Every structure is written in structure tokens, then in C-alpha cells.
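Heads up: the structure comes next, in C-alpha cells.
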Amino acid sequence: MDNWKRKKLGDIASFITKGTTPTTNGFNFQKSGIGFVKIENINNGAVDLKSIESFISEEAHFAQSRSILQKDDLLFSIAGTIGKIALVKESDLPLNTNQALAIIRGYKDEVIPEFLGYTLISSVLHETKNKARGGALQNISLADIKNTEIVYPISKIEQARIISKLDSLFQKIDKTIEIMQENINHSNSLKNSLLEQAFKGEL
């Protein structure tokens, strides 16, 4: 493991914070404007812009300057559904977000975004999910995130190789799940057809 490092995320990333609900600061949501990202707007490691239904004004956006998102910010859900991630792209902006999503920034000197995303899913869920607090609405704190130890290869080429391998394996798993779901749907259709025939006296 000489070519690997172990560091707390707070020592890797230069900036870790979270957002605020606009109504807390006296601003209402709008039907259009600047997109306001919530956990349900994160899918497959990205921000699903089409699913955003909450918007804020430019005034509200700049009033919540701490949570103005930037390119390559890594979002990590810390309340409710813990462990969803999204990498913010230039084409996503402008966006803002709430307190259910941690914003992780300034980490690219040591780790590539995709590697950090996978590592967070593994490390944070393993180390902090058992610490989840709040009863039905589980949550983890920014301190939990900052104190999470990240183990990573020094070489970014090696990081990219690991990501490529994981992507390939996950694609195979997703394909297997898709095939299984198709088989389940086919089985259900066959059962329904047999039931229909039985009660029509056609069996």
C-alpha cells in the first residue's frame, strides 16, 4: 500500500458545506428561475435537470451564496436517503441546493471526481450509516463527512483504471437486473393469461 494514501476528507477537500431552505431566509419558491436541487433530483451520479420542480430568484440565489454550486462540486446526500451522489457539470449551472446535500469542493489535486464519488459511497456508508441520527429521518453531519477517512492510490491513472473497472462491472450488474426484471414481467403476464383462461373454462 506504499502507493496509496489515507486521509480525512476534510484534509483532501478545501470546502465542505451544505445549503439552506430558501424559506428560512424569507424567500419563496417559484415556478421558474434558478434550479434548486433536492435529493430526488439526483439520479445515476448526476443532477437530473428535467426533474427539478423548485426554483428560486436570483436574489435568493445570491443571498444563499454558500450553497451556489460550481462545476465539479460533488453532492452527497446526508439526510433522509443517505449516500446519493452527483457530480455537478458546467451545463447544469446555475444551481443552488438545500441542507440535505453536502457540497464537496476543491479535491481534484488529489483525487478525480468519479473515484471520490465511489469512495464516498463505500466509506461514508460504512463508517457513518451506523451513526445515523434522527429517528425516521436519518441524517449524518458535515463533521461525519469531514472526518471520514478516504483511502486512495496516489496515481490518478490508477484511480481512473479502478473507476473504469467498476463502471464495467456495474454495467453488467445493471444489465443482469434488467434481464431479471423482463423475466419477472413475462412470468406475471403468463400467470395472468393462465388465470384468464382458467376462469373462461379454456384450460
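Below are the figures for this structure:
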read-out: Residue that is more than 27 Å from Thr148 (Cβ to Cβ), assigned by TED's automatic domain parsing to the domain that holds Lys108 and of a type in the set (A, V, I, L, M), where the choices are Ile52, Ile78; value: Ile52
read-out: Residue under evaluation Phe115, criteria (1) under 17 Å from Thr17 (Cβ atoms); (2) under 18 Å from the mean Cα position of the chain (by Cα); (3) part of a helix (DSSP H, G or I); (4) at pLDDT 90 or above, criterion not met; value: (1)
read-out: Qualifying residue in the range 16-31 (condition: touching an Asp or Glu at 6+ places or on another chain (Cβ under 9 Å), crowded, with 19+ Cβ neighbours inside 10 Å and either in a strand (DSSP E or B) or at negative phi (or both)); value: no
read-out: Whichever residue in the range 64-99 is part of a loop (DSSP other than H, G, I, E, B) and of a type in the set (Val, Ile, Thr) and, among such residues, is surrounded by the most Cβ atoms within 10 Å (Cβ to Cβ); value: Ile78
read-out: Test: Asn43 is among the polar types (S, T, N, Q) and more than 16 Å from the chain's Cα centre (by Cα); value: no
read-out: In the range 14-66, residue farthest from Glu114 (Cα to Cα) [restricted to those that are touching a residue at least 12 places away in the same chain (Cβ under 8 Å) and among the acidic types (Asp, Glu)]; value: Glu59
read-out: Top-ranked residue in the range 72-99 [being hydroxyl-bearing (Ser, Thr, Tyr) and under 10 Å from the mean Cα position of the chain (by Cα); ranked as modelled with the lowest pLDDT]; value: Thr81
read-out: Among the residues listed as Ala102, Ala143, the single one being loosely packed, with under 15 Cβ neighbours inside 10 Å and either assigned to a loop (DSSP other than H, G, I, E, B) or at pLDDT 85 or above (or both); value: Ala143
read-out: Tabulated pairs, the range 67-93, first without any contact (Cβ under 8 Å) to a residue 40 or more places away in the chain, second buried (at least 20 other Cβ atoms within 10 Å of the Cβ) and assigned to a helix (DSSP H, G or I), C-beta under 7 angstrom, 6+ apart or interchain; value: Ile68/His61
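The values are calculated or read from the model by the stated rules, or taken from the named source; none is laboratory data. Every value quoted in this text rests on a predicted model; they were computed, and no experiment measured them. Positions of Cβ are generated from backbone atoms using ideal geometry, with glycine treated the same way; all protein chains shown enter the neighbour counts.
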